[in-house]
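A.B. asks: Pasting in a structure now, in structure tokens, and then I'll have a few things to ask.
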Amino acid sequence: MVKKETSTGEPVMAAEGEQIDVIESMTQLYTSGVDRLAEIQKKTLEFAVQHNNEVVGAWKKHGLVAPGVLMLNLAKTAVERFADTQKGAIDLVVEQTHAMADLVKERKIKATDNIEGAKTSAKDALGHSIAAQRTALDYSAKQAKAAFETAKNQLGYAGTPAATVADTMQRGFEVVVDAQKELLDVLEETVVH
């Protein structure tokens with residue numbers, strides 16, 4: 001092994017004759033970090049859907065009247081659609097990240113010359129993806145709230161125990177949305193800024 005000095009003065013170990021490719025190693029580190037964060041977000045969504053399904057199942061066992069069952073089915077479907085939409089947005093971010101990494105690998109000589117431009121482009125692309133996910137979250141939250149309110153009013157169970165269940169489910173959905181927004185904030189703070 002041969003010790004080499006980095007620009008910060010810290011030693012980097014490399015096999016004799018091996019050249020360290022900083023750009024490639026940083027690109028791999030970045031993409032693996034995005035992959036891990038994507039998996040965390042997807043698992044969180046899966047847990048939320050699973051929990052929602054368990055809540056719906058528990059309430060159905062208590063023998064709610066027909067409008068209550070309809071509301072539970074509506075809530076279950078809304079959460080599942082929200083999760084699927086979010087997973088699609090997460091997959092898009094991962095796909096864009098890998099495309100950017102492939103571009104860096106293909107053009108690492110030019111990327112070395114234009115590293116700041118590449119960083120800016122990557123940050124901009126990720127920033128746009130995060131903004132798109134936030135928009136999807138906001139839209140899903142507004143749709144879910146409207147669906148819950150409409151169902152309560154049209155099915156005539158405002159002020160009943162079924163309405164309380166609907167309110168609880170709506171708050172649960174809002175908690176999931178807020179958690180996803182917090183994850184996006186962490187991603188944005190870590191990567192974009």
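A.B. asks: Along the Cα→Cβ direction, 7 angstrom out, place labels at Asp35 and Thr85. What is the inter-label distance in nm?
C.D. replies: Rounded to a tenth, the inter-label distance reads 2.9 nm.
A.B. asks: Let me ask something else about it. Using θ = phi - 60° and the Karplus form 6.51 cos²θ - 1.76 cosθ + 1.60, what ³J(HN,Hα) does each residue of the stretch 169-183 get, whole Hz, x for Gly and Pro?
C.D. replies: Coupling constants for the stretch 169-183: 5, 5, 5, x, 4, 5, 5, 4, 4, 4, 5, 5, 5, 5, 4 Hz.
A.B. asks: Mind giving me the nanometre distance, one decimal, between the label points for Lys123 and Thr190, set 7 Å out from Cα along Cα→Cβ?
C.D. replies: Computed distance between label sites Lys123 and Thr190 equals 1.8 nm.
A.B. asks: While we're here: So how much slack lies between Thr77 and Asp178, counting 0.36 nm per residue of separation and subtracting their Cα-Cα distance, in nm?
C.D. replies: Difference between extended and current length: 34.5 nm.
A.B. asks: Can I ask one more? Using a 7 Å offset from Cα along Cα-Cβ at Ala99, what residues in the stretch 129-152 end up with backbone N under 16 Å from the label point?
C.D. replies: 129-133
A.B. asks: On a full-extension model of 0.36 nm per residue, what is the gain between Thr164 and His51, subtracting their alpha-carbon distance, rounded to one decimal in nm? Spell out each step's value before the answer.
C.D. replies: Values: separation 113, 0.36 × 113 = 40.68 nm, distance 1.78 nm.
Once the chain is fully extended between Thr164 and His51, it gains 38.9 nm.
Read-outs throughout are calculated quantities, based only on the coordinates presented, and are distinct from any laboratory measurement. All values reported here derive from a predicted model rather than from experimental measurement. Cβ coordinates were reconstructed from backbone atoms using ideal geometry, including for glycine residues, and neighbour counts include every protein chain displayed.
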